[in-house]
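Enquirer: Quick one: this structure, given as structure tokens, is what I'll be asking you about.
The values are calculated or read from the model by the stated rules, or taken from the named source; none is laboratory data. Since the model is a prediction, treat every value here as computed from it, not as a measurement. When we count neighbours, we look across all protein chains shown, and the Cβ atoms used for this are built from the backbone with ideal geometry, even at glycine. What goes into the accessible areas is simple: the full protein's heavy atoms, side chains included, and nothing from ligands, DNA or RNA. Shrake-Rupley method; radii C 1.70, N 1.55, O 1.52, S 1.80 Å.
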Amino acid sequence: MSLQKFVPTPKFEDYKETFQDFFKMTRRDDGVLLVEAHTLGGPIQLSVENHRALGQMLKVIGADPENEILILTGSGEEFMMDSDPDGFALEEEDMEYWAYEYAYKDGRINVSSLINDLEIPTIGIMNGPGFHSEIVLMCDISLAADDATIFDLHYDIGSCPADGIHNCFQELLGVKRAAYALLTGQAITPQQALEWGMVNEVLPRDQLIARAYKIADHIMTQPRTTRRLTTQIVRRPWKQRIVNDLDGGFGIQMFGHVAKKKAIHTRKGIASVVDYVRKGRPNNFD
């Protein structure tokens, strides 16, 4: 008998409660886990706090061997189109500290954890229009609502689009389309996203979760080891992107963040950019 015992792994009922203010979690008996990100039960409002919670959550569910597939989505009719009114007060109080803690460390952990810390297949659902779409578009399979406009707002709020969204857009769109989208804030329609290979399917919002479960049921037909090893094969391009580009991109963004010497992700600043999406305009300057 071994002289030491295994360190206990996380238990679903424990971390389900720990993360309840940020994520609603439901797990079937077969280990298919549905995680719905939210702010007060509604669409995600970006903040320093929920930005950090994402990476923490991904690491924990990746450490639980009872999880077999992750379905990750937002809540309500939008994915992320707003900022918590006081969600960046900490950043404003101490820019240099939080530029590293929030913009660099937490952000790198978020994207890297999705790709490297999860041994299980992932299905991302873009449940409505929004930014920071990389967290669902970089899942192994991605579904989108039929009104889920995809866009990046970093450049238009004075930030460098280098926190993982650059990896995402360049891998899925190619160099030229990614450059246009990142520099212009292009509003990519769900139909364009499907045609260009950003998502696998476009469906009415009320059918998305049921469809994700249907896909999960098919994935679950094969043995556990087969599922997990296949995941490592299909995820290899993302791993290469992360090794080659993620840290450098974040370093560039952090430098620009500090050089600006003021909070960037403010509610007012974000609202000025997302307004053109809500009005159906293809670019922020049109």
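Enquirer: Tell me, what % of the accessible area of region 12-279 is carbon and sulfur with a 1.4 angstrom probe?
Expert: Within region 12-279, the accessible surface is 52 percent carbon and sulfur.
Enquirer: While we're looking at this one, here's another question. Whole Å is fine, so just give me how far the alpha carbon centre of region 213-258 lies from that of region 5-67.
Expert: 18 Å
Enquirer: Calculate the dipole size of the chain relative to its Cα centre from +1 charges on Lys and Arg beta carbons and -1 charges on Asp and Glu beta carbons; express the result in debye to the nearest 20.
Expert: Its charge dipole is roughly 740 debye.
Enquirer: Moving to a separate point now. Accessible area per residue for region 134-206 in Å², computed with a 1.4 Å probe and the full protein assembly in place, what is it?
Expert: Counting only protein heavy atoms, the per-residue value for region 134-206 is 36 Å².
Enquirer: Classify region 96-184 as rounded, prolate or oblate from the Cα gyration tensor: take a ≥ b ≥ c as the square roots of its eigenvalues, call it rounded if a/c is under 1.5, otherwise prolate when a/b beats b/c and oblate if not.
Expert: Because a/c hits 1.5 or more and a/b fails to exceed b/c, region 96-184 counts as oblate.
Enquirer: Given an 8 Å cut-off on Cα distances and at least 6 residues of separation, report the relative contact order of the chain as a percent.
Expert: That works out to 19 percent.
Enquirer: Next question, about the same structure. Radius of gyration and Dmax for region 1-89's Cα atoms, expressed in Å?
Expert: Using the Cα atoms of region 1-89, the pair Rg, Dmax is 15.3, 56 Å.
Enquirer: Protein chains only, probe 1.4 Å: how do H51, H257, H218 rank by accessible area, largest first?
Expert: H218, H51, H257
Enquirer: Return the loop-located chymotrypsin sites (Phe, Trp or Tyr not before Pro) in region 214-286 (DSSP other than H, G, I, E, B) with at most 13 other Cβ atoms within 10 Å of their own Cβ; answer none if there are none.
Expert: Sites meeting the loop and neighbour criteria: F285.
Enquirer: Which entries in the list K16/K239; K24/K279; K176/K214; K5/K214; K105/K279 go over 32 Å, if you measure between the two C-alpha atoms of each?
Expert: Pairs exceeding 32 Å: K176/K214; K5/K214; K105/K279.
Enquirer: Let me ask another. Per residue of region 84-100, what does 6.51 cos²θ - 1.76 cosθ + 1.60 with θ = phi - 60° give for ³J(HN,Hα)? Whole Hz please, x for Gly and Pro, Karplus curve as stated.
Expert: 3, x, 10, x, 10, 4, 4, 5, 5, 6, 8, 4, 4, 5, 7, 4, 7
Enquirer: Go through T26, T122 and list them by solvent-accessible area, largest first, probe radius 1.4 Å.
Expert: Most to least solvent-accessible, the answer reads T26, T122.
Enquirer: Sticking with this one: Go from 0 up to the bin containing the longest alpha carbon distance in the chain, width 5 Å each, and give me the % of pairs per bin.
Expert: In whole percents, the pair-distance histogram is 1, 6, 12, 17, 20, 18, 13, 7, 4, 1, 1, 0, 0, 0, 0.
Enquirer: Here is a follow-up. Count the net charge of all other residues whose Cβ sits under 12 Å from the Cβ of Q45, scoring Lys and Arg as +1 and Asp and Glu as -1.
Expert: -4
Enquirer: Another one. What is region 1-63's relative contact order, in percent, from Cα pairs under 8 angstrom and six or more apart in sequence?
Expert: 29 percent
Enquirer: Counting only protein chains, not ligands or nucleic acids, how are V234, V60, V32 ordered by accessible area (probe 1.4 Å), most first?
Expert: Largest to smallest exposure gives the sequence V234, V60, V32.
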